[in-house]
Amino acid sequence: MLEGGVKRLHHVAFTVRPGSLDDLREALARAGAPVIEPPAGASEDGLWTRDPDGTPVQLVAGPKVTPSQKASPATPAPVAVGTGAAPSRKTAKPVRPRRLSHVLLFTPDVARQVAFYSETFGLRLSDRSGDIIAFMHGPHASDHHLLAFAKSTAPGLHHSSWDVGSLDDVGLGAEMMKDKGYTQGWGVGRHVLGSNYFYYVRDPWGSWAEYSYDIDFVGADVDWLASDHPPEDSFYIWGPTVPDDFVINHEQPLPA
C-alpha cells in the first residue's frame, strides 16, 4: 500500500554552457518545441520548454555540474594493525551520496524522446535495448548516462540515481534505509549497461532512489559506440530477482 499523495513529475532541469541559450532557442524552434512560461512553483531562471511527452524542461546557463572525469573511489579510513576494518552497526557513519548521477523517466515513445534530446540539446545515445530502454550521456563528458528513458504507457519518474564512493556504501546505504523503515528495494547487484553497482530504495509514491557506485564514464574526447542490447542485459548481470513492481509507472492515468 502506497503512502502519501499522488506523485507527478514536475519538471526536469539542465545546466547548459554560458552563452548557449540563443542557440538552444533556435534548436527548439527547428524542432517545433514551444518556449513556455515556468510551471507553477518553479524558478523563472533560464529558458523553459516542453519535451514531446509534455514534461516541462528548464535550461539554465551556468558552470558545468556533471563530472569531467571518472569519479574516484572513496578513500577508506586507515585501520590500526590488529583491529578489524568494519565498523559496528552502531558506529557506522551515515552514507552521504556525493552527487546526483542521473534520472530515468518513463515514456510512451523511447525513440521519440531520444531523438528530441539528441537533436535539440545535444545529448548522445550511450546504449539501448530495442524500444524498451535507452541511456544518454552529455557531449562534454559525463557518466554513461545522465538521462535515460524506459517504455511505459505514460510519462513519469522511474528513479533518481545517487553516486556513492564504494560498493560498501551501496550495501550500507541499503541497510540504513531498511533500518529507517524503507524495506522495499532491489539489490545489491550490478548493471550491464553503465556497469555500476546498485541498490534501489522504493519511495512512498512507488518510484525509486538508487545508490550507485562505479558507473562507466564517457570523456569529452571519447566516441562511445552505442549498441542495441538484448532485453536481459537491460537490467543486470547479477543480483536478486527483479521485484514485480519495479517497472510499474504510478504516474500513468488511472483506468476510466
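The lone criterion from (1) under 17 Å from PHE246 (Cβ atoms); (2) in a loop (DSSP other than H, G, I, E, B) left unmet by LEU104 is number (2). You will find that of TYR197, TYR236, TYR213, the residue that is in contact with a Gly (Cβ under 6 Å, 6 or more places away or on another chain) and of a type outside the set (S, T, N, Q) is TYR236 and no other.
Which number in (1) out of contact with any strand residue (DSSP E or B) (no Cβ under 7 Å at 6 or more places or on another chain); (2) at pLDDT 95 or above marks the one condition that SER20 misses? Failed condition: (1).
Considering segment 89-99, the residues that are among the charged types (D, E, K, R) and part of a loop (DSSP other than H, G, I, E, B) include one that is surrounded by the fewest Cβ atoms within 10 Å (Cβ to Cβ), namely LYS90. Going by the conditions given, is ALA42 at pLDDT 95 or above and over 30 Å from TYR197 (Cβ atoms)? So ALA42 fails the test.
Consider segment 69-88 and keep the residues that are surrounded by 10 or more Cβ atoms within 10 Å (Cβ to Cβ) and touching a residue at least 60 places away in the same chain (Cβ under 8 Å). The one that is farthest from THR55 (Cα to Cα) is PRO76. Considering the conditions (1) surrounded by fewer than 18 Cβ atoms within 10 Å (Cβ to Cβ); (2) within 29 Å of GLU175 (Cα to Cα), HIS102 is excluded by exactly one of them, (1).
The values are calculated or read from the model by the stated rules, or taken from the named source; none is laboratory data. None of these values were measured; they are calculated from a predicted model. Because the Cβ atoms are built from the backbone with ideal geometry, glycine has one as well, and the counts that use them run over all protein chains shown.
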